[in-house]
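Inspection log for the structure reproduced underneath, given as structure tokens.
The values are calculated or read from the model by the stated rules, or taken from the named source; none is laboratory data. Computed from a predicted structure; not experimentally measured. Ideal geometry is used to build each Cβ from the backbone, glycine not excepted, and the neighbour counts take in all protein chains shown. These area figures cover heavy atoms from the full protein model, side chains too; ligands, DNA and RNA do not enter into them. Shrake-Rupley method; radii C 1.70, N 1.55, O 1.52, S 1.80 Å.
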Amino acid sequence: AQALEKGIEPTHGLGSIGMSTAEAAANEEFLDQFVGEAEEQLEKAENAILEAVKEDADGREYLAEAYRDIHSFKGNAGLLGLKDFEQLSHSLESVLDILKSRSGPCDDNTGTLILRCIDSLQAGLSRLTAGMGTDIPEAVDLIAQLDSLVRSSDTGRAKRPQAAPPKTKQSTAEAIVA
């Protein structure tokens, strides 16, 4: 905010070229609020997943809590146009939605994948606040693994996550054509 008072544009990576100082300030304020809430939501989701993988836990309650936090995170990321954040959290939310309806603990492999996703979202927030852009480099691979779990859910139990081959990001035009 002090940088805006001096006429310096924000550097968080959302871009403010062509914005008035007032628009850039509002953008900066929304981003700061998003980051604060996002850090809390991701921390709560991480703690819930750690509880859900305990052998003696009925993971449904914890998975439902993680689902709610990731759902809120996804919506906020979408409002700000943070595509990697939104897409990764959307796939994560889909897996959590399936898992929260089952009884028993979350298996270790799936729990590890979910925690990797949360770690990537947290690292993305750090890059965002450091002005290093809005991309999450490992998002494509993690989304592929999560989507594989969703596709396998028709067997009644999510299969063990397999490492997906590295993929390149599709441009918006390529995604529309596909």
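Results, tabulated for the structure shown:
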read-out: Any hit, segment 160-176, residues being modelled with pLDDT of 90 or more and surrounded by 21 or more Cβ atoms within 10 Å (Cβ to Cβ); value: no
read-out: Residue in segment 104-118 that is among the small types (Gly, Ala, Ser), at pLDDT 95 or above and in a helix (DSSP H, G or I) present; value: no
read-out: Pick from segment 119-157, criterion more than 16 Å from Leu82 (Cβ to Cβ) and assigned to a loop (DSSP other than H, G, I, E, B), ranking: modelled with the lowest pLDDT; value: Arg157
read-out: Filter result (touching a residue at least 40 places away in the same chain (Cβ under 8 Å), part of a helix (DSSP H, G or I) and closer than 11 Å to Leu121 by Cβ) within segment 72-86; value: Phe73, Ala77, Asp84, Phe85
read-out: Conditions (1) in contact with a Phe, Trp or Tyr (Cβ under 7 Å, 6 or more places away or on another chain); (2) farther than 17 Å from Gln41 by Cα: number failed by Met132; value: (1)
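Listed here are the residues, each with its yes/no results for (1) open to solvent by less than 40 Å² (accessible area, probe 1.4 Å); (2) at pLDDT below 95.
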| position | (1), (2) |
| --- | --- |
| Ala24 | yes, yes |
| Glu29 | no, yes |
| Gln33 | no, yes |
| Glu46 | no, no |
| Val53 | yes, yes |
| Ala57 | yes, yes |
| Ala66 | yes, no |
| Ser72 | no, no |
